[in-house]
Amino acid sequence: MFVNFSMQRILLFILLTTSLFAKDIIAVLDLETIGLNPGEATILTQRLTTKLISIGKYEVVERTNMDKILKEQKFQKSGCTDSGCAVEIGQLLNTDFIVIGSVNKFGSTWTLDARLIDVALGKGIISAEFSAEGKIDILLTTGLPSIAKQLCDIESSKSVGTTGTI
């Protein structure tokens, strides 16, 4: 009887511990683009995913798993740029949150915008933005780390001047 009670306590402790430290699950949709080619957008989306994983606040659904699940459900994610569509994808993937966003060029200024959508509530809960003048490389080196930090609710710079300083 004593062993049984001890085992129950251990199992209860394990259950409580794992639920306390469980991370919310998110998926990152392809960034919508204006002024970039699809290959550049894919690179930027992959880098955003990598940055979110490295911060460690969320458990991020891997792109191959996401694509596989959506293909099995016969769901086309191309053109999904609004929160309603994002929520539908989040429900199919069984995620807590989904990230949607865009990367654009206006004159010589690059902009990154992203939103963290709560799948259960069906609305955005965190928005992130970054803008900088110059070459596209600034998005990879400075912009996406800034966006990832903002989406994780970590203080970050939202723009960079032409000299490259923050």
Original post:
Ignoring any ligand, DNA or RNA, what whole percent of the accessible area of segment 63-153 comes from carbon and sulfur when the probe is 1.4 angstrom?
Top reply: 47
Subject >> Links that overshoot a 21 Å alpha carbon limit, given the list LYS135/LYS158; LYS74/LYS123; LYS105/LYS135; LYS57/LYS135 >> reply: LYS74/LYS123; LYS57/LYS135
Original post:
List the aspartates and glutamates whose alpha-carbon lies under 13 Å from that of LYS23, not counting same-chain residues fewer than 8 positions away?
Top reply: GLU59, ASP96
Original post:
Using Cα-only point scatterers and the Debye equation, what is log10 of I(q)/I(0) for segment 14-155 at each q in 0.15, 0.16, 0.18 Å⁻¹, rounded to two decimals?
Top reply: -0.72, -0.82, -1.02
**OP:** Mind grabbing the base-10 log of I(q)/I(0) for segment 81-165 at q = 0.11, 0.19, 0.20, 0.23 Å⁻¹? Debye formula, identical points on the C-alpha positions, no solvent, two decimal places.
**Re:** -0.33, -0.80, -0.85, -1.00
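The values are calculated or read from the model by the stated rules, or taken from the named source; none is laboratory data. All values derive from a computational prediction rather than experimental measurement. Heads up: the accessible areas ignore ligands, DNA and RNA and are worked out on the full protein's heavy atoms, side chains in. Shrake-Rupley method; radii C 1.70, N 1.55, O 1.52, S 1.80 Å.
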